Amino acid sequence: MSSFRPRAWSTALRRLLVVPVTLLVAAGATGAAPAPEAGAATPDRLRYDVSLRSDADGSHWTGHQRVSFRNASDRPLREVYVRLWGNGDDKCGTPGKPSPVKLSHLHGGTAGSLSVNCTALRITLPRPLAHGERTALSFDVSIAVPQRNARFGREGAFRFLGNALPVLAVHDAKGWHLDPYVSTGESFYALASDFRVRIDHPSALKIPATGRTWTTGGEPGRTVTHSVAHQVRDFAWAAGPFRTATDTSPGGVRVKSYWTPNTPAAGVRLNRKDGVAAVDRFGREFGQYPYGEIDFVMAKDFGGGMEYPGLVILGTTEEGSAVVHEVAHQWWYGIVGDDEYGAPWLDESFAQYANYRFLGVDTRDCWSDIGWPNQSSALTNSMAYWSTHPNEYHLIYVAGPCALADLERTVGADKMARLLKRYAHDHWYGVSTTADFKKAAQSVTDKDLTAFWRKHRIR
């Protein structure tokens, strides 16, 4: 997500750095939770089967969700946590304004109390799940789209459902990841999963969604949109009377564009052109795009851009949007995963570096306007730092890609290209860390990179 708006930039640079103007919110304390001992990231090999039905305009959704999973840990798994990220901004709600996402009629476990400002629900399993064993949970879900223009929100007659669908939290060597929600930047950390989703909606609504989609007839006046997505970290969709167009990239990727009627036509054309080119170029540079389809959802007044697997939401002007940056996120966060709360530079800086390369930005004097404001400021800080230092968060988008451009000059362009392609291959559908990347970078050069990491505050 491009998630800051600089006060003064040239037109070209504004095109690189279009972002929401939402405020950072500290959404609550993490809280301790009993957990299996450290081991492999778990639960893994997740499969979500979801059936949803909308009201007349896509503002409210009800349905059923089932998730099956395996315990990859070396210790028995006694509980799991469901993340209800859609409650992040509204937290636990008020008597007159309840939380937007609710679960009920749980089967397969016993629900505890909601925690982390109603974004985490502990579920105790009926019996400890041994290493390698599978089980499943199922529950009814109710989703009310909030009255705000945001990644989970609305603009006029159009609804955006990013981070609306409940997903399971991750337990790894650091324990359960129950980080608080942040509205600028991301808190999300998920393992690659399979989704099969059935969306029943009025025929007047178009439904862009993660995965390969197709439609069938439903009840009179209604349509069913089906989506299947393999090895993705989340599922998002939108709803509304969008205008639509479909392109196929030279590399064979289906690019479906959806836009609100008031979206500037020039911006739509530019997004389609750059988006199609970017998905093929990044496929050559980092590894072929594996999902077959990507959807661009464009709206005039949406702030900046937001990435999801196979779907991006783009605020679009006559000059276009952050489409290239958001397409790059399909690799850097989507295919090559990371803990977006703990190490946001691993997706934002990498996506922006790819954006710089695509647009041919001259990075030789990239550092001329960058200064570290204090000794604790570092490129590798977590959202716990950035959310309390919002005026510094832009460094992720400027210092980060500049550091990667400097690494390219340090090791050589050919070695940098091989490094990124091999690094993506080695972490395909997995999770990367800063330590992983530093080790991989050092392996391609005889130069000692210790001073380089120190200079660029990659700790």
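The values are calculated or read from the model by the stated rules, or taken from the named source; none is laboratory data. These numbers come from a predicted model, not from an experiment. All Cβ positions, even for glycine, are placed from backbone atoms using ideal geometry, and neighbour counts span all protein chains on display. The accessibility values were calculated without ligands, DNA or RNA, using every heavy atom of the protein model including side chains. Shrake-Rupley method; radii C 1.70, N 1.55, O 1.52, S 1.80 Å.
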Can you name every residue in the stretch 114-143 that is under 12 Å from residue 101 (Cβ atoms) and open to solvent by 40 Å² or more (accessible area, probe 1.4 Å)?
-> 114, 140
On the given criteria, is residue 413 farther than 27 Å from residue 236 by Cα and in contact with a Lys or Arg (Cβ under 9 Å, 6 or more places away or on another chain)?
-> no
Do you know which residues across the stretch 370-406 are in contact (Cβ under 8 Å) with a residue 12 or more places away in the chain and more than 24 Å from residue 322 (Cα to Cα)?
-> 372, 373, 377, 378, 384, 388
Test: residue in the stretch 170-178 that is within 26 Å of residue 345 (Cβ to Cβ), among the β-branched types (Val, Ile, Thr) and open to solvent by less than 10 Å² (accessible area, probe 1.4 Å) | yes
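Sort out which residues of the stretch 359-372 are out of contact with any helix residue (DSSP H, G or I) (no Cβ under 6 Å at 6 or more places or on another chain) and in a loop (DSSP other than H, G, I, E, B), and write them in order of number.
Scanning the stretch 359-372 gives 360, 361, 362, 364, 365, 368, 369, 371, 372.
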Taking into account only those residues within the stretch 181-194 that are open to solvent by less than 10 Å² (accessible area, probe 1.4 Å) and out of contact with any Pro (no Cβ under 9 Å at 6 or more places or on another chain), which is farthest from residue 209 (Cα to Cα)?
-> 182
Listed residues 385, 429, 393, 397; which is aromatic (Phe, Trp, Tyr), surrounded by 12 or more Cβ atoms within 10 Å (Cβ to Cβ) and at positive phi?
-> 429
Residues satisfying the stated conditions in the stretch 417-447, i.e. more than 19 Å from residue 335 (Cβ to Cβ), of a type in the set (Lys, Arg) and part of a helix (DSSP H, G or I) = 438, 439
